[in-house]
Amino acid sequence: MTLIPFDDRNGFIWFDGNVVPWRDAKVHVLTHGLHYGSCVFEGERVYEGKIFKLREHSERLFKSAELLGFTLPYSLEDIEKASNDIVARQSILNGYVRPVAWRGSEMMAISAQQTKIHVAIAAWEWPSYFSKEAKERGLRLQIAKWARPAPNTAPTASKAAGLYMICTLSKHVAEKDGFDDALMLDYRGYIAEATGANMFFVINGEVHTPTPDCFLDGITRRTVIDLAKKRGLKVIERHIKPEELKQVSEVFLTGTAAEVTPVGQIGEQKFTVGAITKQLMADYSAIVL
């Protein structure tokens, strides 16, 4: 498959308040966000030309920036209007939106109070994150060696770029070993999440999901919890030990990119793509389309 580089595409990007040609949306090599991780972002899905849960995503972008110690130079309404405008300008029917905010290049040191805060929003057509075949059989997950950090060691409630470094490392190893993704434990050894999605487990007809106290409480996660409760399913948020996987009958992931995706294997243990997973996949599709 021929990859189209993301810096060499046609179209437009919203950049610091202006719509600029896609290839002109550039930053300097000495930008603080590149060197020190002072960058936050969002991932949003577009269905039939409309951004799903735009308000929740926009609010989280502002909260992430606050947790990293900087303030966005635009209002919530500005960001939402820009997001909708760039989706329309790009003629995106079903795709993805990436708002991103970062510290600029005025200072190149740990201390960076005088840096300018930049914001950009890009949108592009994007199919399913996982292949149709993988979703039908259920993803194969490897258990990662990297753990999600404790909340007193990193701003774990933020969607900060630096927190995804270990996700990339874990996913690369998993794919090299023939898996689709990786399951990450937290700093205590409890099940946390996949590399970019929250996790759910069906045990005796009940839906269990890890307590998000050191990783993101995903917007899609909360949406699926509501859908499950509307179906009369009992949803339990708690700390889950890896050894409890022996009691599990179904596993699925949730996320803006993953949507609702079944898991067929974690390590050597296999699971069925069962009725509860299929029902919640259908319910999620119904509310986004």
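The values are calculated or read from the model by the stated rules, or taken from the named source; none is laboratory data. All values derive from a computational prediction rather than experimental measurement. Backbone-built Cβ (ideal geometry, glycine too); neighbour counts: all protein chains shown. Quick note on the areas: whole protein, heavy atoms, side chains included, nothing else; ligands and nucleic acids left out. Shrake-Rupley method; radii C 1.70, N 1.55, O 1.52, S 1.80 Å.
On the stretch given as region 16-38, residues that are open to solvent by 20 Å² or more (accessible area, probe 1.4 Å), under 18 Å from residue 83 (Cα atoms) and hydrophobic (A, V, I, L, M, F, W, C) total 3. Looking across region 201-239, the residues that are among the acidic types (Asp, Glu) and either out of contact with any Leu (no Cβ under 9 Å at 6 or more places or on another chain) or within 13 Å of residue 255 (Cα to Cα) (or both) come down to 213, 217, 226, 237.
Quick check on my filter: what residues within region 83-103 are part of a helix (DSSP H, G or I) and open to solvent by 20 Å² or more (accessible area, probe 1.4 Å)? Of everything in region 83-103, those that are part of a helix (DSSP H, G or I) and open to solvent by 20 Å² or more (accessible area, probe 1.4 Å) turn out to be 84, 85, 88, 89. Among the residues of region 51-82, count how many are of a type outside the set (A, V, I, L, M, F, W, C), in a loop (DSSP other than H, G, I, E, B) and open to solvent by less than 70 Å² (accessible area, probe 1.4 Å). Looking only at that region, the number is 4. Residue 111 meets each of the listed conditions (1) closer than 20 Å to residue 160 by Cα; (2) touching a residue at least 40 places away in the same chain (Cβ under 8 Å) apart from (2). Could you count how many residues in region 193-250 are of a type in the set (Val, Ile, Thr), open to solvent by less than 30 Å² (accessible area, probe 1.4 Å) and either part of a loop (DSSP other than H, G, I, E, B) or farther than 24 Å from residue 55 by Cβ (or both)? Of the residues in region 193-250, 6 are of a type in the set (Val, Ile, Thr), open to solvent by less than 30 Å² (accessible area, probe 1.4 Å) and either part of a loop (DSSP other than H, G, I, E, B) or farther than 24 Å from residue 55 by Cβ (or both). Touching a Leu at 6+ places or on another chain (Cβ under 7 Å), modelled with pLDDT of 95 or more and among the polar types (S, T, N, Q): does that describe residue 158? When the stated conditions are applied, residue 158 passes them. Taking residue 45, is it open to solvent by less than 20 Å² (accessible area, probe 1.4 Å) and outside any loop (DSSP other than H, G, I, E, B)? So residue 45 fits the description; yes. Of all residues in region 12-30, those satisfying the criterion of being assigned to a loop (DSSP other than H, G, I, E, B) and within 24 Å of the chain's Cα centre (by Cα) are 16, 25, 26, 27.
The rows are residues; the columns are (1) farther than 18 Å from residue 130 by Cβ; (2) free of Cβ contacts under 8 Å to residues at least 60 places away in the same chain.
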| residue | (1), (2) |
| --- | --- |
| 214 | yes, no |
| 232 | yes, yes |
| 236 | yes, yes |
| 248 | yes, yes |
| 269 | yes, yes |
| 273 | no, no |
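If you check 259, 244 for being within 19 Å of the chain's Cα centre (by Cα) and among the charged types (D, E, K, R), only one passes: 259.
Does any residue of region 121-138 turn out to be modelled with pLDDT of 95 or more, open to solvent by 50 Å² or more (accessible area, probe 1.4 Å) and either over 24 Å from residue 261 (Cβ atoms) or not in a strand (DSSP E or B) (or both)? No: region 121-138 contains no residue that is modelled with pLDDT of 95 or more, open to solvent by 50 Å² or more (accessible area, probe 1.4 Å) and either over 24 Å from residue 261 (Cβ atoms) or not in a strand (DSSP E or B) (or both).
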